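What follows is a short report on a single structure.
FYI, it's all coordinate maths here, none of it is from the lab. Source: prediction; values computed, not measured. Cβ: placed from backbone, ideal geometry, glycine included. Neighbour counts: every protein chain shown.
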Amino acid sequence: MIIQYLIGEFENEVKSTRKLLQAIPEKDLAYKPSPTSWTMGELAQHIATIYYWYVGALTADVYDLAGDNLERAPASDLQGTLALFEQNVEKARAALNTVTEESLRQDWTMKAGDRVVLGPMPRGIVTRGFLFNHLYHHRGEMIVYLRATGNKVPGLYGPTFEESQPG
């Protein structure tokens with residue numbers, strides 16, 4: 001039953017992520033709120049990339065980032081980021097559809113070469129924390145970026161504050 005809930009949440013949230021990424025104007029891709037922050041384009045690309053990580057998190061016991069060769073367009077290429085998002089969603093969807101109750105209980109580890117980055121921990125915790133919640137965190141950041149640059153924020157869970165105000 002939990003797998004059906006995860007798939008349902010995934011499908012619903014893909015729609016929200018798509019709306020958010022499509023709301024990004026090309027003119028603001030270089031915006032960054034502080035010297036240590038990502039640009040809006042880099043943040044968008046990171047959001048699109050998280051979907052790629054579903055494959056390594058859901059289909060391998062050890063996921064080594066050092067072995068990844070995900071090709072990306074420059075962060076300044078919004079259409080390239082949107083295409084990356086769509087490609088990665090398909091890969092994530094396929095990986096999520098391989099999950100079983102048993103596989104969610106199995107330990108998973110993320111490495112970068114010889115260094116352990118995350119884990120070991122049960123894949124079910126990885127799915128909620130590292131994949132789903134990580135994505136929601138960065139979407140929240142993107143909403144702040146959009147508002148800071150005077151752009152309209154799409155409603156992800158109903159109308160935004162601005163949309164709910166009378167005339």
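Applying the criteria of a DSSP loop state and at most 11 other Cβ atoms within 10 Å to the chymotrypsin sites (Phe, Trp or Tyr not before Pro) of the range 118-167 yields Y157. Of all the stretches in the chain, which is the longest one without any exposed loop site, taking trypsin sites (Lys or Arg not before Pro) in a DSSP loop (any state but H, G, I, E, B) with at most 16 other Cβ atoms within 10 Å? It works out to 73-151. Seen from K152, the other residues with C-beta closer than 10 Å to its C-beta sum to a net charge of -1, counting Lys and Arg as +1 and Asp and Glu as -1. Considering only G67, G140, G124, the Gaussian network model of the chain with Cα springs below 10 Å gives its largest mean-square fluctuation to G67. With Cα atoms as the point set, the radius of gyration and Dmax of the chain evaluate to 16.8, 58 Å. What do you get for the angle between helix 40-59 and the principal long axis of the chain? Use alpha-carbon atoms, 0 to 90 degrees, nearest ten. It works out to around 20 degrees. Electrostatic tally near A73: other residues with Cβ closer than 14 Å to its Cβ, Lys and Arg +1, Asp and Glu -1, net -4.
A helix-only calculation puts the chain at -16000 deg cm²/dmol for mean residue ellipticity at 222 nm, using -39500 (n - 2.57) for each DSSP H run of at least four residues, averaged over all residues.
Close amide-amide hydrogen proximity is noted between V117 and M110, K111, A112, each under 5 Å apart and 5 or more residues distant or on a separate chain (H modeled in the peptide plane; Pro and chain starts excluded). A cut-off under 14 angstrom between Cβ atoms defines the neighbours of E9, and their net charge, with Lys, Arg +1 and Asp, Glu -1, is +2. Taking the inverse of the mean reciprocal distance over all distinct Cα pairs, the Kirkwood hydrodynamic radius of the range 83-167 comes to 15.9 Å. Classify the range 56-120 as rounded, prolate or oblate from the Cα gyration tensor: take a ≥ b ≥ c as the square roots of its eigenvalues, call it rounded if a/c is under 1.5, otherwise prolate when a/b beats b/c and oblate if not. It comes out oblate by the Cα gyration axes.
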